[in-house]
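Down below is the structure, laid out as structure tokens.
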Amino acid sequence: RRRSFGVKAFSEEQEALVVKSWNSMKKNAGELGLKLFLRVFEIAPSAKNLFSFLKDSTVPLDQNPKLKTHAMIVFVMTCESAVQLRKSGKVTIKDANLKDLGATHIKYNVVDEHFEVVRYALLETIKEAVPDMWSPEMKSAWEEAYNQLKAAIKSEMKPSA
Ligand code: HEM
């Protein structure tokens, strides 16, 4: 079964805005990813409990390698999503299998509100990372790329029963 997630057209300009800012943030992706999730936990402290590797960990949050990895994945996949949206009008999950992604987020009780908080924190983090490039157009390009990626993941987050 094939599905398309892209409804609105994603323009070359939008892709360029995402790629340009990503190229400038890439070298700090680990730090920025951490910053993103520290902000998420500031807004929604209980979200920490979703992550198995945070629950019983004595490693400080800002030094947790697994948190850093997940955070970077969110950044990288959102950027890739922008590229795919422009190329084919839809999000294709590459490295991770979409079904697994959906199943994992269901299993760990990730809900829509979490995706909302992460989107907000992602945009804030980018805004602070590239203040000179930031614009309403850049914001909406990242937002659209994230929303489409979220829709792709959520389409596979159906409770199995
Ligand atoms: C696991 C990506 C959003 C919480 C994962 C994995 C990937 C991923 C690749 C590991 C794959 C697997 O185990 O199947 C993403 C992407 C997101 C996103 C691309 C957004 C576009 C979120 C949000 C939350 C979240 C909003 C909650 C705040 C988790 C948790 C796990 C996970 C709890 C399992 C971690 C563990 O092993 O304990 N995510 N994620 N993710 N994600 Fe996300």
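Here are the numbers for the structure shown:
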quantity: Which of Trp134, Trp142, Trp22 has the fewest Cβ neighbours within 10 Å, and the rest in rising order; calculated: Trp134, Trp22, Trp142
quantity: Centre separation in Å (Cα based) which lies between segment 113-153 and segment 37-87; calculated: 14 Å
quantity: Residues Leu50, Leu149 arranged by fewest to most Cβ contacts within 10 Å; calculated: Leu50, Leu149
quantity: Under Karplus coefficients 6.51, -1.76 and 1.60, residue-wise ³J(HN,Hα) of segment 36-45 in Hz, glycine/proline x; calculated: 4, 7, 5, 5, 4, 6, 5, 6, 10, x
quantity: Gain in span if fully extended, Thr69 to Ser52, counting 0.36 nm per residue against the direct Cα distance; calculated: 4.7 nm
quantity: The chain: relative contact order in percent, alpha carbon pairs under 8 Å with at least 6 residues between; calculated: 38 percent
quantity: Linear extension gain, Glu143 paired with Leu98, 0.36 nm per residue minus alpha-carbon span; calculated: 14.2 nm
quantity: Neighbour-count order for Tyr108, Tyr146, fewest beta carbons within 10 angstrom listed first; calculated: Tyr108, Tyr146
quantity: In Hz, Karplus ³J(HN,Hα) per residue of segment 144-157 (6.51, -1.76, 1.60; θ = phi - 60°; x = Gly, Pro); calculated: 5, 4, 5, 4, 5, 5, 4, 4, 5, 5, 5, 5, 9, 9
quantity: Under 28 Å between alpha carbons - lysine pairs in segment 8-60 that sit 8 or more apart or on different chains; calculated: 9
quantity: Table column - 3J(HN,Hα) (Hz), segment 66-82, Karplus curve with 6.51, -1.76, 1.60, x for Gly and Pro; calculated: 6, 5, 4, 4, 4, 4, 5, 4, 4, 4, 4, 5, 5, 5, 4, 4, 4
quantity: Mean Cα-pair separation over length for segment 1-94, i.e. relative contact order, pairs under 8 Å, 6 or more apart, %; calculated: 50 percent
quantity: Over segment 1-150, equivalent-ellipsoid semi-axes from the Cα gyration tensor in Å; calculated: 25, 20, 13
quantity: Where labels lie 7 Å past Cα in the beta-carbon direction, separation of Asn109 and Lys26 in nm; calculated: 3.9 nm
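The numbers here are math on the coordinates, done by the rules we state, and not lab data. Since the model is a prediction, treat every value here as computed from it, not as a measurement. Ideal geometry is used to build each Cβ from the backbone, glycine not excepted, and the neighbour counts take in all protein chains shown.
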